[in-house]
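Asks: Okay, here's the structure, questions in a sec.
Please treat every number below as a calculation from the coordinates, not as lab data. All of these numbers come straight from a predicted model, not from anything done at the bench. We place every Cβ from the backbone using ideal geometry, glycine too, and count neighbours over all the protein chains shown.
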Amino acid sequence: MLSRRAAVTRAVATDPAGAAIRRANRMQRRRTLAGVGLAVLAIVVVSGGSLHLRDNRPPASGTVVIGDPDQRLLVDRTIPPPGPDTAPPLAEVDLLIDGSIATAQGRRVPLLGTGEVERAHRLTDGHGWLAVGAPTLAGRFLWAVAADGTAQVLLAGADEIVLDAVGRQVAWKQGTVLAAAGIVNGELATTVRAEAPAEAVPLRFVNGAVLVRLTPDRPGHVLWPLSPGPLAQGADRASTHIFGALPDGRLVGEISPGAGSPACLTLLEPARDLRPSQPDCGPETAGDGRGAVSPDGRWLLVNGRSAGEDSALLVDLARLETSTGVPAGPPMTDTVVWSRPDTAYYADAAGGLVRLSVDRATAGRPAAPNALPGLPAGELPVVVSGG
């Protein structure tokens, strides 16, 4: 019996060595779990940072800075501004006011990161605007502004930028390079380049071509048909300004018959190097180049004089030879925008918004300016084209 009891192993009530081993195992497990947790946290932080950096880089198909010979220099997107605010609409058209776009629907879309915007065009698909920046030491910029105000650079460093009537084409000039491209899904496509004199300036799209003024301080224009090679100089040395086109392709222009004579309106033939299509000159104008032809080619709104006073004149282009123009409102200070064939908007020298109605003007009731609430002192509103 004693030998059997002696053969049975019994646990020692107090085992210091075993307790130390178990305590060490528990500490090792806690350290292992803590290390794994820290590793997971580090992976999450590094992954988030890499994603953030990736989002701040421009896309692989980013925009091209003008003047980059390899066309590989990219421009980053701006920081998205806060969402647009809502306010009572100021007009039936969009307006550039105090660094934001006041839409015809009553929204206020701030333009943050774009700098000063000189002109804007509303896209017909409702996807925002194209905004042309004012001249800077770095040149002009063309921005694609989304409906929420997010802006992306399409062009940078241009001497001048012009858009077509629907916002699907852009032409620009930098140095001696005259270029044009289509705008597709917020990107430039199918760029065409030509060689042009350094002083030449693109003015507007006309019947699928770009109207170019050869020298800023002397008369003379030429139409660039969007083809590569040297820009043809043409033979026009008489036209001082061109305001648009008629449905038959002739251009509505302004010439100075002689030294000391006031500028007057005439029609120019594109097929004959922009020579006047008639010997006589039409109504006299102010000669400042401000004006535009209505979308249907029937009317011209231009600065001139009526009854001895400066005024905007509405000219019936169907009767240009006999028309003297009717007073339409105060003189224009900047761009005039035709929102419909019978309605135009512009700003006067006091910052008022003028809405021209063809029916009212032809009935002897010129338009009067309307003051815009909230317009900063000394600032003029800019009417946004398109839409």
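Asks: Could you give me the ³J(HN,Hα) list for region 346-362, computed from phi with Karplus coefficients 6.51, -1.76, 1.60 and θ = phi - 60°, whole Hz, x at Gly and Pro?
Replies: 7, 10, 9, 5, 8, x, x, 9, 10, 10, 8, 10, 4, 4, 5, 5, 5
Asks: Explain nothing, just compute: Karplus ³J(HN,Hα) = 6.51 cos²θ - 1.76 cosθ + 1.60, θ = phi - 60°, for every residue of region 161-174 in order, whole Hz, x for Gly and Pro.
Replies: 9, 10, 10, 7, 5, 10, x, 10, 9, 9, 10, 8, 9, 9
Asks: Moving on to the next point. Which whole number in µm²/s is D for region 109-208 by Stokes-Einstein, with the Kirkwood Rh taken over Cα pairs at 25 °C and 0.890 mPa s?
Replies: 179
Asks: May I pose another question? With viscosity set to 1.306 mPa s and temperature to 10 °C, compute the Stokes-Einstein D of region 174-213, Rh being the Kirkwood radius across alpha carbon pairs; µm²/s, no decimals.
Replies: Value of D from the Cα-based Kirkwood radius: 143 µm²/s.
Asks: For ASN207 and THR362 in the same chain, what is the full-extension length gain: residue separation times 0.36 nm, less their Cα-Cα distance, in nm?
Replies: Taking ASN207 through THR362 to full extension adds about 53.0 nm, to one decimal.
Asks: List every residue whose amide H lies under 5 Å from the amide H of GLY291, counting only residues 5 or more places away in sequence or on a different chain, with H placed 1.01 Å from N in the peptide plane.
Replies: HN-HN under 5 Å from GLY291: VAL336.
Asks: Would you mind classifying region 115-173 by shape? Square roots of the alpha carbon gyration tensor eigenvalues, ordered a ≥ b ≥ c; an a/c under 1.5 is rounded, otherwise it is prolate if a/b is larger than b/c and oblate if not.
Replies: Verdict is oblate for region 115-173.
Asks: When only Cα pairs under 8 Å and 6 or more residues apart are kept, what is the percent relative contact order across region 205-347?
Replies: Relative contact order for region 205-347 comes out at 14 percent.
Asks: Report, in whole Å, the centroid distance computed from the Cα atoms of region 210-279 and region 134-177.
Replies: 25
Asks: Let me ask you something else. Rounded to the nearest 0.05, what FRET efficiency do ALA189 and ALA318 have when you use their Cβ-Cβ distance and R0 = 35 Å?
Replies: Result of the calculation: an efficiency of 0.35.
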